[in-house]
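Engineer: Before I ask anything, here is the structure I am working with.
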Amino acid sequence: MSGTLRSRRLALTILCAGMLMIILDGTVVTVALPSIQRDLGFTPSSLTWVVNAYMIAFGGLLLLAGRLGDLIGRRRMFVAGLAVFTAASTICGFAVSPEMLIAARFLQGAGGAMASAVSLGMIVTLFPEPVERAKAFGAFSFVGAGGASLGQVLGGVLTQGLSWHWIFFVNVPIGLFAIVMAVRVLAADRGLGLGEGADVLGALLVTSGLMLGVYTIIEADQYGWASAHTTGFGALSVALLAGFVIRQARADKPLLPLRMLASRDVSGANVVQTLMVAALFSFQVLIALYMQNVLLYTAAETGLAMLPAAVTIGAVSLFVSARAIARFGERGVLLAGLAVLVAGIGLLTRLPAGGASYAADLLPTMLCAGGFGLGITALTSLGMSGARPDDAGLASGLFNTTQQVGAAIGVAVLTTLATSRGESLLASGSGQAAALTGGFRLAFTVGTGLLLTALIIAVTVLRGRPAAGTGAETPVAAHV
């Protein structure tokens with residue numbers, strides 16, 4: 001994927017456009033759920049599968065899709081993923097029954113996994129120089145942060161102005177345009193060939209283990225964390241993933257070469273990302289619930305109140321992170337980002353049950369969310385630092401997988417803690433607002449603990465590349 005800087009930046013734009021469409025779909029549906037329920041006759045329990053079906057397919061197939069991208073060609077996998085996603089969006093828009101919509105959402109998740117799993121690997125190949133790569137990762141992180149926030153706004157506008165069908169139909173022209181441009185702009189790569197890594201048993205073990213794990217996590221809120229359903233399926237998921245690791249240690253052509261995890265920066269970055277994403281995704285969900293259920297903000301007011309967080313994350317990702325990495329190195333930037341996040345989420349442990357001031361009680365945290373823009377860009381560089389040209393897609397799939405798993409675990413665990421604590425306080429005689437706030441405080445305390453743990457791991461495990469001008473070789477450049 002060589003070429004002029006202009007052509008490579010155009011290729012990055014296409015990758016970002018495809019990812020924006022996929023990321024939007026992860027949040028655009030949430031606002032439309034009540035309308036979907038009324039029109040298609042979903043029961044309250046089955047309605048969650050409109051979201052869950054997408055998450056299970058997306059999270060479960062990322063690692064496999066990343067490896068297949070290395071074998072058959074990453075451009076081919078990216079274009080195929082966009083095609084599957086676009087076709088599934090069309091089916092979603094025309095859905096006339098709950099079963100049809102859930103099946104199409106699963107297919108959407110599969111297409112999203114195929115396209116997103118290879119994106120970071122393509123960026124690694126497009127931008128071999130550390131400074132340019134950091135800028136590219138910053139732009140990609142900006143798309144992720146902005147897309148997640150934009151999805152909720154766009155979902156409300158389309159659902160209210162047209163109908164819920166259009167949250168899916170809008171993907172069709174975007175997807176078709178992205179496919180055409182990807183074929184024209186992205187350089188073709190042959191891949192290694194299926195014979196170089198077609199570990200069928202390993203693929204079955206990791207895909208089924210990841211899908212079952214994501215399913216168990218997102219259903220734990222309904223069945224309970226100590227229930228036979230959760231512990232049974234959780235144990236089976238762990239067993240399948242353990243079997244996958246054993247298989248990779250013994251296979252002649254493993255799906256995931258364990259040498260990749262031997263790198264302290266790669267393995268440490270993935271662990272840190274899991275903890276950081278768990279805390280930050282939960283923050284987005286819980287703070288919105290606090291504003292609407294305790295402060296009685298409307299949906300529109302809540303969206304506007306959260307806008308500073310999205311703007312700050314996006315601005316830091318796009319304009320600050322690459323320059324900071326060039327000067328201080330990935331590790332230094334990550335530590336700074338995590339420290340800011342610890343302070344920001346830590347402030348929420350003192351949320352008032354009434355009479356909260358947005359400027360004093362919420363805005364500081366929204367601004368501190370910019371630490372995520374620093375942290376995720378630095379983590380992306382570290383997480384891809386062990387990527388060689390022949391397995392960059394796999395490294396990309398692994399990094400995206402830990403992100404999805406972190407989000408699922410964080411939201412499931414922290415929302416459950418908040419709910420349980422709130423119900424306990426309500427039963428003991430606390431008022432509604434005080435009980436809800438007590439639950440949120442507990443969740444944010446745990447979230448702060450996750451970030452502190454991530455910070456400790458980053459300090460003790462990660463090494464990162466030296467800042468520019470030290471004369472030392474960059475780990476990433478050494479591989480690519």
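What follows draws every value from the coordinates through simple rules; no lab data is involved. Given the structure is predicted, the values throughout are model-derived calculations rather than measurements. Positions of Cβ are backbone-derived with ideal geometry, glycine not excepted, and every protein chain shown enters the neighbour counts.
Engineer: If you consider only alpha-carbon coordinates, what radius of gyration and Dmax does region 263-464 have, in Å?
Structural biologist: Values for region 263-464 (Cα only, Rg and Dmax): 17.6, 61 Å.
Engineer: Taking the radius of gyration and the Kirkwood hydrodynamic radius from Cα positions alone, what is the Rg/Rh ratio for the chain, to two decimal places?
Structural biologist: Details: Rg = 21.5 Å, Rh = 22.6 Å.
Rg/Rh for the chain comes to 0.95.
Engineer: Under 8 Å for C-alpha pairs, at least 6 residues apart: give me the relative contact order for the chain, rounded to a whole percent. Numbers along the way, then the final one.
Structural biologist: Details: 854 pairs, mean separation 109.4, N = 480.
Here the relative contact order equals 23 percent.
Engineer: Can you give me the Cα centroid spacing of region 299-348 and region 114-140 in angstrom?
Structural biologist: Between the Cα centre of region 299-348 and that of region 114-140, the gap is 20 Å.
Engineer: So what is the diffusion coefficient of region 199-252 in µm² per second by Stokes-Einstein at 4 °C and 1.567 mPa s, using a Kirkwood Rh over Cα pairs?
Structural biologist: After rounding, the answer is 113 µm²/s.
Engineer: What nm distance separates the two modelled labels at Glu129 and Arg264, each placed 7 Å from Cα along Cα→Cβ?
Structural biologist: 3.0 nm
Engineer: Modelling each spin label as a point 7 Å along the Cα-to-Cβ direction, I'd like the Ile457/His229 distance in nm, to one decimal.
Structural biologist: 2.9 nm
Engineer: Where the Cα atoms of region 208-344 are projected onto their three principal axes, how long is each span, largest first, in whole Å?
Structural biologist: Computed over region 208-344, the largest-to-smallest principal extents equal 53, 47, 21 Å.
Engineer: Say R0 is 22 Å: what FRET efficiency, to the nearest 0.05, do Arg38 and Leu296 get from their beta-carbon distance?
Structural biologist: 0.35
Engineer: Apply the Karplus parameterisation 6.51 cos²θ - 1.76 cosθ + 1.60, with θ equal to phi minus 60°, to every residue of region 65-71 and state each ³J(HN,Hα) to the nearest whole Hz, in sequence, with x for glycine and proline.
Structural biologist: Calculated HN-Hα couplings, in order: 5, x, 5, 4, x, 5, 7 Hz.
Engineer: Could you compute the FRET efficiency for Val51 and Ile91, with r as their C-beta to C-beta distance and R0 at 22 Å, rounded to 0.05?
Structural biologist: On the way: r = 17 Å, r/R0 = 0.76.
For Val51 and Ile91, the calculated efficiency is 0.85.
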